[in-house]
Amino acid sequence: MRRNPVLQIIVGLAFLLSPISSQLFAIEEGIDRRIERSDFLVIEVFNERDLTVERRVQAGGTISYPLLGEVEVVGKSTAQVESMLKKRLGEDYLVNPEVSVTVKQYRARTVTVIGRVLKPGTVLLLEEEKMDIVQAIAQAQGFLPNADEDKIMFTRGGKTVRYRFKELMKITEGSKKIWLEPGDVIEVKESVF
């Protein structure tokens, strides 16, 4: 199969620009990543040293917080956790508390790219950036010469769907792209000739 030099340039540019474009998309769309198990949170309450803590989110989706005990945080944004803590602390303990919640360390979120790519393996999904299949292939440094660009196999939750690279490249609208999630697998099949 002959390599299309234009596609190779596009893949290279996608590799170089993917973090920048993803950051711009995240800022533009106001994406607020949801807290996940194993994330490491920093909770600060202004002028309340005993209530300023660092906590790892437990497997059950909770953190242990002074005065409040177990607090459910998984699936919420940092702004939602701030609001919840402010309300609960304000009900019984403090007058108009100022609460700040930040994620100090995110749990590693990865997808796997295998098959006929230059660098098969895991690809890190950055904290608040989105990545699609094209960008993941670019992160794996593109196709090997014997890759079949018409057989990009995408697996999520046990279901596999076949895509053509050229078709994936044509999708420019964000709502129509296939945004990757942790655990997704992309396999680039080998060309038969």
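Pairs meeting the criteria (first residue in the stretch 133-152 and more than 22 Å from Gly183 (Cα to Cα), second residue in a strand (DSSP E or B), beta carbons under 6 Å, at least 6 apart or on different chains) are Asn146/Glu190; Ala147/Val188; Asp148/Lys189. One residue stands out among those in the stretch 94-112 that are more than 10 Å from Val45 (Cα to Cα) and charged (D, E, K, R): the one that is modelled with the lowest pLDDT, which is Arg107.
Per-residue answers, yes or no, for (1) in contact with a Cys (Cβ under 7 Å, 6 or more places away or on another chain); (2) at positive phi; (3) in a helix (DSSP H, G or I):
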{"position": "Val95", "(1), (2), (3)": "no, no, no"}
{"position": "Val134", "(1), (2), (3)": "no, no, yes"}
{"position": "Gln141", "(1), (2), (3)": "no, yes, no"}
{"position": "Asp150", "(1), (2), (3)": "no, no, no"}
{"position": "Met169", "(1), (2), (3)": "no, no, yes"}
{"position": "Gly183", "(1), (2), (3)": "no, yes, no"}
{"position": "Glu187", "(1), (2), (3)": "no, no, no"}
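All conditions in (1) in contact with an Asp or Glu (Cβ under 8 Å, 6 or more places away or on another chain); (2) modelled with pLDDT of 95 or more; (3) surrounded by 18 or more Cβ atoms within 10 Å (Cβ to Cβ) hold for Lys151, with the sole exception of (1). Total residues in the stretch 98-109 satisfying the condition of being surrounded by fewer than 16 Cβ atoms within 10 Å (Cβ to Cβ) and in a strand (DSSP E or B): the figure is 4. Considering only residues in the stretch 35-79 that are under 11 Å from Val99 (Cα atoms) and surrounded by 15 or more Cβ atoms within 10 Å (Cβ to Cβ), the one that is farthest from the chain's Cα centre (by Cα) turns out to be Glu48. Tell me yes or no: at least one residue of the stretch 70-93 is over 16 Å from Arg34 (Cα atoms), in a strand (DSSP E or B) and either modelled with pLDDT under 95 or acidic (Asp, Glu) (or both). Yes: one or more hits. The condition of being touching a helix residue (DSSP H, G or I) at 6+ places or on another chain (Cβ under 9 Å) and either free of Cβ contacts under 8 Å to residues at least 40 places away in the same chain or farther than 30 Å from Ile186 by Cα (or both) holds for only one of Thr78, Thr102, that being Thr102.
The values are calculated or read from the model by the stated rules, or taken from the named source; none is laboratory data. Since the structure is predicted, the reported quantities are computational estimates derived from the model, not experimental observations. No Cβ is skipped: glycine too gets one built from the backbone with ideal geometry, and neighbour counts run over all protein chains shown.
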